[in-house]
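The values are calculated or read from the model by the stated rules, or taken from the named source; none is laboratory data. Model, not experiment: these values are computed from the prediction. Here the Cβ is made from the backbone with ideal geometry for all residues, glycine too, and neighbour counts use every protein chain on show.
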């Protein structure tokens, strides 16, 4: 008979760092869509070696852009708006792919912007000088994760869906990533199961959800029909087995991950 499952007591947690991630859809080839992912550098302090979607933390400038004429299609929620700006900016800086920028910058401008952003240039200034604006309405809210687990760093991450807008080649930032790769959600999960990639639970769960709705239109419709809810993984213990769980009914086919079985 199974013992009742108990939730591990969570100690005081550090403040969450707001972050945003962009899940890009490339549906140009036959078969399931592929998504751009990066393998984080082994030297990174957070999630070294993990395969993730491009993204990063919000900057104060992201809030300023979202509240300015530089942004169109701005959602009512100010944090949501700033997170969309961050997702666009971080993706541009990390992999050189421009999403939601109007008019679309050419390769030379992207190269210049990436170098400038690397040097902590103001994204708003770059947009103004080039006569560009951001279309935030083109990003589809997909998930909002806030782990309630003890860790030196804790991120509150919003995930967005977007279509690839050009055939520009991705070029990863070698300081932050060992490589980049375009993979279908199912293939990324298979590679993770075979040990070819390291997948953290949030990435794994979102890949499983993407694989269940294998097109941008289907995933967007699914996201719109799923009640918005913050996903907070928690640690549970059952018969000496530590299990990471998220709530049922949030649109995820994968809701648990066994971490360790005590001897």
Number of positions in the range 173-208 that are over 18 Å from the mean Cα position of the chain (by Cα) and in a loop (DSSP other than H, G, I, E, B):
5
Checking residue 79 against (1) modelled with pLDDT of 95 or more; (2) surrounded by 18 or more Cβ atoms within 10 Å (Cβ to Cβ); (3) within 21 Å of the chain's Cα centre (by Cα); (4) farther than 12 Å from residue 137 by Cβ, which single condition isn't satisfied?
(2)
Assess whether residue 129 counts as being over 18 Å from the mean Cα position of the chain (by Cα) and either under 28 Å from residue 49 (Cα atoms) or modelled with pLDDT under 95 (or both).
no
Pairs only if they're at least six apart or on different chains, beta carbon under 7 angstrom, first in the range 184-200 and at pLDDT below 95, second assigned to a helix (DSSP H, G or I); list them, first residue then second.
192/204; 197/188; 197/191; 199/192
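Residues are listed down the side, and each one gets a yes or a no for (1) surrounded by 16 or more Cβ atoms within 10 Å (Cβ to Cβ); (2) touching a strand residue (DSSP E or B) at 6+ places or on another chain (Cβ under 8 Å):
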position: 101; (1), (2): yes, yes
position: 109; (1), (2): yes, no
position: 128; (1), (2): no, no
position: 136; (1), (2): yes, yes
position: 166; (1), (2): no, no
position: 188; (1), (2): yes, yes
From the options 196, 179, 229, residue that is surrounded by fewer than 17 Cβ atoms within 10 Å (Cβ to Cβ) and within 25 Å of residue 144 (Cβ to Cβ)
229
Criterion: more than 29 Å from residue 222 (Cβ to Cβ) and either outside any loop (DSSP other than H, G, I, E, B) or without any contact (Cβ under 8 Å) to a residue 60 or more places away in the chain (or both) - qualifying residue of 117, 134, 51
117
Qualifying residues in the range 148-161 (those that are in contact with a strand residue (DSSP E or B) (Cβ under 8 Å, 6 or more places away or on another chain) and not in a strand (DSSP E or B)) - the one surrounded by the fewest Cβ atoms within 10 Å (Cβ to Cβ)
153
Please go through (1) loosely packed, with under 15 Cβ neighbours inside 10 Å; (2) in contact with a strand residue (DSSP E or B) (Cβ under 6 Å, 6 or more places away or on another chain) for residue 223 and return the number of the only condition it doesn't satisfy.
(1)
Can you spot a residue in the range 15-36 that is at pLDDT below 95, part of a loop (DSSP other than H, G, I, E, B) and over 27 Å from residue 199 (Cβ atoms)?
no
Residue that is modelled with the lowest pLDDT, among those in the range 216-249 that are in contact with a helix residue (DSSP H, G or I) (Cβ under 9 Å, 6 or more places away or on another chain), farther than 28 Å from residue 165 by Cβ and outside any strand (DSSP E or B):
233
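This table checks each residue for (1) assigned to a helix (DSSP H, G or I); (2) in contact (Cβ under 8 Å) with a residue 60 or more places away in the chain.
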site: 62; (1), (2): yes, yes
site: 75; (1), (2): no, yes
site: 83; (1), (2): yes, yes
site: 88; (1), (2): yes, yes
site: 92; (1), (2): yes, no
site: 99; (1), (2): no, yes
site: 105; (1), (2): no, no
site: 108; (1), (2): yes, no
